[in-house]
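Asks: Before we start, here is the structure in question, set down as structure tokens.
The values are calculated or read from the model by the stated rules, or taken from the named source; none is laboratory data. The shown structure was predicted, so the numbers you read here are calculated from the model rather than taken from an experiment. Cβ placement follows ideal geometry from the backbone for every residue including glycine, while neighbour counts extend to all protein chains displayed. Just the protein is used for accessible areas: all its heavy atoms, side chains included, with ligands, DNA and RNA removed. Shrake-Rupley method; radii C 1.70, N 1.55, O 1.52, S 1.80 Å.
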Amino acid sequence: MRSKYLKILKSNFIKLSLLLLPILLNGQAGNIFGFVTDSSDGEALIGANVFLRETGQGMATDKNGYYVLQNISFGTYTLQISYVGYKTLKQELIIENSESMKMDFALSVEVVEAEAVDVTAESIQRKFNIQPGKINLSPRMLKAQPALAEPDLFRTIQTLPGVLTTSEFSTGLVIRGGNTDQNLILLDGITVYNPSHFGGVFSNFIVDGVKEAELIKGGYNAEYGGRLSAVLNVLSREGNRNKFEGKTSISILSAQTTLEGPSYKGAWLVSARRTYFDQIFKNNPDIPPYYFYDIQGHVFSDLSPKDRISLSFYGGLDDFLFNDLSLSAEWGNETVSLSYRRVFSDRMIGNFLAANSKFFTRFGLGGDDGLNSDNLIDDNTLSSDFTFFYTENSQIKFGSQLKNLGFTYLNTFGDSTRFKIEEFPVEGAVYTKYKWSPTERLILEPGIRYNYYSVYPKKPFIDLRLGSKYLMTDNQYINFTVGNYHQFIETAQDDFNPGFLDNWLAVDESVDPASAVQYVLGYEAYIKNQYKIQVEGYYKDIKNMLTFEDTRSSTDAEISDQTLRDSFTPSDGYAYGVEVFTQKNSGSLSGWLAYTFSISRKKMNNQEYFSNWDRTHVLNFVGNYMINPKWEVNWKWTWQSGQAYTPILGYYLQKFPSDPSTGYRTIPGVRNGGRYPVYHRLDLGAVRHYTFKNAKMDLFFQVINGYNQKNIFRYVYRLGNTFNGIDDDGDWDVTKHDVGNENGIGAGNGEPDYGEPNVDEDDEGRIQEEKLSLFPIIPSIGITIKF
């Protein structure tokens, strides 16, 4: 009997020992944690590599610049901290007890040749980045491209594979076949609903105020929700906590200034810009006055070594006025957010956010008695995010979000209200994701997001996500992600008349929320830590997009505003494609070559057709060459298949009893059954660097549309006339037909006149098609001064 008990006791002791072994071993190990910053201004460095040279154990800093290395056995080590463009720092480290040590590091800027970069250190971040299609854009990358007036975030993103714009007139992002409203765009954690300006030259974000922009083109993890396609997360610069600095830039179209400096236990930064089209052309009656302004800023204070509070804000306005047509338009964004970061322990860090975001549009035609439209989105958000570094091979991230939304959409004509929509839904979500490395070669990241929408209070909307990465070698990886997504606020798509601004609507009981399923498979390779090759394929299935169908018998008929289903038809769609991206990221010559093959289709009313933004082939070639320390040149060339559009079959005349004039309306053909011609454009730039005492100055030259390609923006139609003395069909030639009438009147005046050949022909009474192009060749010059 005693022998039996001894066997049982021995067996249980062995089991207990096995269970306690990790704890006992952990007692013979220590942890180190801290922040990595820029020594010149105190800015946190995102993605800096921190590792032990003896064991290879390490990680890349997160968005806070935070790192933690766990379970380091007792002994002496060399800790290495590196970041591209900065001097590598090495620190001797002795682990002699199990306590956690806080070690902060500040790196100094230094030009680092590609051959001098430690491959082991620089591979840490990319090895453990499980997100395919993820690209981080720094201000340096954004400024190394030609741009009209100034560098622009969205214009740079549009040169990446899988990214398009709705037209040359817009900076809206179409990513992997998803409409512009299907992208979640964040500025310091708060949603920005329409971050673009009129004309497609500028987006809202000022590059000098941006620290980093993270683009995830698809298959994003459970941390993000509420959109179907992609995520663009823009982080503001924190400001220089060591000294006051300023930078100003003036070009032929705009002026901007960025100021920054230290504040109480922290720093502040403010960037502002304004265009002056309205001042340049104020004496030209043919060009309506238009301008916009942006202002964005950030201020923070470290209340203690573990606590930071930050305030971020943005405000922007576009103002367009055309008195001759009694046309007025205003639209803009306003955001403000208050965030709090807490380091709870060396293994857990939390971020909390309270924010408000507004987007509004006001359009008027014909004054107060004419057609007027007002659209307002009011978004109040509370969120919390926690990261728990569970072990050296795993981490858990979890959080929650609550949005109180308000939508007002009012359309009036004179004293009558054509339709009015007011909605005040509530969105909520909780999520968790777990990153785990079961083997040295495999990384898994399952996640789940539970969504709540007040319109359907009893219906759960659950998003399941899975990301994985297989390390073929230290420099070759295979990525795969799959996930489903839900979207509760959308914009109405118009297949016949695409707009340049998004009018947002909240889903009501008459339609189901939009949803999508994404699959992404990719391969990436790095050669000598200088070249990157990435190939990715994707498939996306989309349900319940809102598409406008005009069922009125005349333009003055009322539109029902009872439910969304009365005015908009749910439509489905799918998109698939293959992307190839090759990049050289260091040396005197840098840039990338990107190719995309893609298909984007919609299904509505038993009809399948191409989406407005479908382009089968896209090729982008972007480069920057440092001739010497004083001169650099850059270029951007794009070639794209023709965009889909809806041709017309004919027209009919329309006359209202109370209106003596007669108008016309076109009869559309098959939805997006036509194609515009191939689009291609070359932009060129050069920069001359100067130094005067303590100030630095750049003189930049830009040429947009270098070979003056007349790309078709849109076909427009107008009804001609056989007796107006105008060449309505465009076949009058000044060299052949400027002969005057039978009496010689008008000869040689350079304009078509009554009685001249090819003027007032019989065929001019039919509807005429005109090709509208936007950008001719545009030279630009400007200067930037840093003080």
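Asks: Mind ranking 202-212, 767-777 by how tightly packed they are, going by the mean number of other C-beta atoms within 10 angstrom, highest first?
Replies: Top of the packing list down: 202-212, 767-777.
Asks: Per-residue HN-Hα couplings for the stretch 183-198, Karplus 6.51 cos²θ - 1.76 cosθ + 1.60 at θ = phi - 60°, whole Hz, x for Gly and Pro?
Replies: So the Karplus estimates, Gly and Pro as x, are 9, 8, 10, 10, 10, 6, x, 9, 5, 10, 8, 8, x, 8, 10, 4 Hz.
Asks: Can you count the Lys pairs in the stretch 388-461 with C-alpha separation below 20 Å, eight or more apart or on different chains?
Replies: 4
Asks: Any idea of the accessible area per residue across the stretch 386-541, 1.4 Å probe, to the nearest Å²?
Replies: It amounts to 45 Å² per residue over the stretch 386-541.
Asks: The stretch 53-106: which chymotrypsin sites (Phe, Trp or Tyr not before Pro) are DSSP loop and have at most 14 other beta-carbon atoms within 10 angstrom?
Replies: PHE74
Asks: Can you work out the Karplus-derived ³J(HN,Hα) for every residue in the stretch 361-378? Use 6.51 cos²θ - 1.76 cosθ + 1.60 with θ = phi - 60°, whole Hz, and x for glycine or proline.
Replies: So the J values, rounded to whole Hz, are 9, 9, 10, x, 9, x, x, 5, 8, x, 8, 9, 9, 10, 9, 9, 10, 10.
Asks: Going Cα to Cα from LYS134, which aspartates and glutamates come in below 14 Å? Please leave out same-chain ones fewer than 8 positions away.
Replies: Cα-Cα hits under 14 Å: GLU212, GLU214, GLU524, GLU536, GLU579.
Asks: To make sure I understand the rule: partners must be aspartates and glutamates, Cα under 15 Å from the Cα of LYS211, and not fewer than 8 residues away in the same chain. Which ones qualify?
Replies: Cα-Cα hits under 15 Å: ASP38, ASP41, GLU43, ASP62, ASP152, ASP188, GLU238, GLU260.
Asks: While we're here: Given the rule -39500 (n - 2.57) for each run of at least 4 DSSP H residues, summed and divided by the residues of the chain, what is its mean residue ellipticity at 222 nm, to the nearest 500 deg cm²/dmol?
Replies: -2000 deg cm²/dmol
Asks: Quote the charge dipole size of the chain about the Cα centre in Debye, to the nearest 20; the model charges only the Cβ of Lys and Arg (+1) and of Asp and Glu (-1).
Replies: Dipole magnitude for the chain comes out near 5020 debye.
Asks: Now for a separate question. Quote the relative contact order of the stretch 314-437 in percent (integer), defining contacts as alpha-carbon pairs under 8 Å separated by 6+ residues.
Replies: Once normalised by length, the contact order is 19 percent.
Asks: Search the structure for amide H atoms under 5 Å from the amide H of SER773, placed 1.01 Å from N in the peptide plane, and list their residues when 5 or more places away or on another chain.
Replies: Answer set, sorted by chain and number: PHE713.
Asks: Please determine, in degrees from 0 to 90 and to the nearest 10, the orientation of helix 119-128 with respect to the longest principal axis defined by the Cα atoms of the chain, where the helix direction is its Cα long axis.
Replies: It works out to around 70 degrees.
Asks: In the stretch 641-733, what trypsin sites (Lys or Arg not before Pro) fall in a loop by DSSP, with at most 14 other Cβ atoms inside 10 Å?
Replies: LYS655, LYS693, LYS710
Asks: Would you work out the charge dipole size for the stretch 666-742 about its Cα centre, treating the Cβ of every Lys and Arg as +1 and the Cβ of every Asp and Glu as -1, and quote it to the nearest 20 debye?
Replies: Rounded to the nearest 20 debye, it is 860 debye.
Asks: Spelling out what I want: for every residue of the stretch 669-683, take phi, set θ = phi - 60°, compute 6.51 cos²θ - 1.76 cosθ + 1.60 (Karplus), and round to whole Hz; glycine and proline get x.
Replies: 3J(HN,Hα) across the stretch 669-683, in whole Hz: x, 5, 3, 6, x, x, 9, 5, x, 4, 9, 8, 7, 10, 10.
Asks: I need the Debye-formula profile for the stretch 195-318: one equal scatterer per C-alpha, no solvent, reported as log10 I(q)/I(0) at q = 0.09, 0.15, 0.16 1/Å, two decimals.
Replies: Each listed q maps to, in turn, -0.36, -0.84, -0.91.
Asks: At a temperature of 37 °C and a viscosity of 0.692 mPa s, determine how fast the chain diffuses translationally according to Stokes-Einstein, using the Kirkwood radius over alpha-carbon pairs as Rh; express D in µm²/s, rounded to the nearest whole number.
Replies: Translational diffusion coefficient: 113 µm²/s.
Asks: Considering amide H positions built from the backbone, and no H for Pro or chain starts, which residues 5 or more places from GLN768, or on another chain, come under 5 Å of its amide H?
Replies: Sorted by chain and number, the residues that satisfy this are ARG718, LEU719, GLY720.
Asks: Right, another one. List the residues, sorted by chain then number, that are 5 or more residues from GLY740 or on another chain and whose placed amide H is less than 5 Å from its amide H.
Replies: Amide H to amide H, under 5 Å and 5 or more residues apart or across chains, GLY740 pairs with ALA747, GLY748.
Asks: What do you get when you divide the Cα radius of gyration of the stretch 587-688 by 2.2 N^0.38 Å, with N the number of residues?
Replies: After normalising by residue count via 2.2 N^0.38 Å, the value is 1.76.
Asks: Whole number in Å², please: accessible area per residue of the stretch 200-324, 1.4 Å probe, ligands, DNA and RNA not counted.
Replies: 36
Asks: From the protein chains alone at 1.4 Å, what is the descending order of accessible area for SER588, SER384, largest first?
Replies: Final ranking, largest accessible area leading: SER588, SER384.
Asks: On to the next question. Can you give me the % of accessible surface on the chain that is carbon or sulfur? Probe 1.4 Å, all protein chains present, nothing else counted.
Replies: About 58 percent, which is the carbon plus sulfur part of the accessible surface.
Asks: Angle between the Cα long axis of helix 2-26 and the longest principal axis of the chain, 0 to 90 degrees, nearest 10?
Replies: Tilt of helix 2-26: around 50 degrees.
Asks: Any of LYS87/LYS786; LYS90/LYS265; LYS243/LYS693 with alpha carbons more than 19 Å apart? Name them for me.
Replies: Over 19 Å apart, Cα to Cα: LYS87/LYS786; LYS90/LYS265.
Asks: What is the chain's relative contact order, in percent, from Cα pairs under 8 angstrom and six or more apart in sequence?
Replies: With pairs under 8 Å counted, the relative contact order is 9 percent.
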